[in-house]
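Chemist: Following this message is one structure expressed as structure tokens.
The values are calculated or read from the model by the stated rules, or taken from the named source; none is laboratory data. Note that the structure is a prediction, hence the values are computed from the model and not measured. Using ideal geometry, Cβ is built from the backbone for each residue, glycine included, and neighbour counts are taken over all protein chains shown. These area figures cover heavy atoms from the full protein model, side chains too; ligands, DNA and RNA do not enter into them. Shrake-Rupley method; radii C 1.70, N 1.55, O 1.52, S 1.80 Å.
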Amino acid sequence: MGSHCDHAHDETGLDAGEIGRALAAAEARCVQQGERMTAPRRRVLELLLQAGEAVKAYDLIARYGLDGVAAKPPTVYRALEFLEKTGLAHRIASISAYVACSVGDRAHAAAFLICDCCGATEEVTPPEGEALQQAATAAGYALERTTIEGHGRCPACRVAA
Ligand SMILES: [Zn+2]
Ligand SMILES: [Zn+2]
């Protein structure tokens, strides 16, 4: 994403060893939660880990190519839904993209710092997550998903500007 700035950016994707470890950890987490890491779920998570940045669903569908078979969009959307529900990935609504979770070991509130220049995203623990949860409980809501999104410039783009 984000080719509207012309300066160089650091590669953020993980190497093969790191991806293998992350996938193994994700699989263990699924087993723990009584869920199955099916081939499509694993493949979509692998693509997100390889990208190391937020990826749009149609790019995931295009890159999917498991065993030379093109993905059917519902397969990818269902896999994304699962990854989001289990906290292995997050959907960033303001840029309609998905990103592999980089902090949690279960479903959790997340906050993203999003660079409007290069599209870099960084997951941080939302400072207001706990307070929002308490407000929700007081209002009788059971929150399933909280994602806070902050837009601006990443360090590399700030230096380049
Ligand atoms: Zn997360
Ligand atoms: Zn940037």
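Chemist: Ignoring ligands and nucleic acids, what accessible area does His108 show with a 1.4 Å probe (Å², nearest 10)?
Modeler: Rounded to the nearest 10, the figure is 50 Å².
Chemist: Which peptide among 15-23, 47-55, 138-146 comes first, and what is the full order, when sorted by highest mean count of other Cβ atoms within 10 Å?
Modeler: Per-residue Cβ counts within 10 Å, averaged per peptide and sorted highest first, yield 47-55, 15-23, 138-146.
Chemist: Given contacts defined as C-alpha pairs under 8 Å and at least six residues apart, what's the relative contact order of region 16-160, whole-number percent?
Modeler: Taking the mean separation of contacting Cα pairs over the length of region 16-160, I get 19 percent.
Chemist: Over the chain, what number does the Rg to Rh ratio reach, with both radii from the alpha-carbon atoms and Rh per Kirkwood?
Modeler: 0.98
Chemist: Would you mind calculating the gained length between Tyr141 and Glu18 on full extension (0.36 nm times residue separation, minus the Cα-Cα distance), in nm to one decimal?
Modeler: 40.5 nm
Chemist: Before rounding to the nearest 500, sum -39500 (n - 2.57) across all DSSP H runs of length at least 4 in the chain and divide by the residue total; then give [θ] at 222 nm in deg cm²/dmol.
Modeler: -12500 deg cm²/dmol
Chemist: Calculate, for the chain, the solvent-accessible area per residue in square angstrom, rolling a 1.4 angstrom probe over the heavy atoms of the protein chains.
Modeler: On a per-residue basis, the chain sits at 60 Å².
Chemist: Roughly how compact is region 67-161, stated as its Cα Rg over 2.2 N^0.38 Å to two decimals?
Modeler: 1.26
Chemist: Going by the alpha-carbon gyration tensor, a ≥ b ≥ c the square roots of its eigenvalues, is region 12-62 rounded (a/c under 1.5) or, if a/c is not under 1.5, prolate (a/b greater than b/c) versus oblate?
Modeler: Verdict is oblate for region 12-62.
Chemist: Let me ask something additional. For the chain, give the percent of accessible area contributed by carbon and sulfur heavy atoms, probe 1.4 Å, rounded to a whole number.
Modeler: 51
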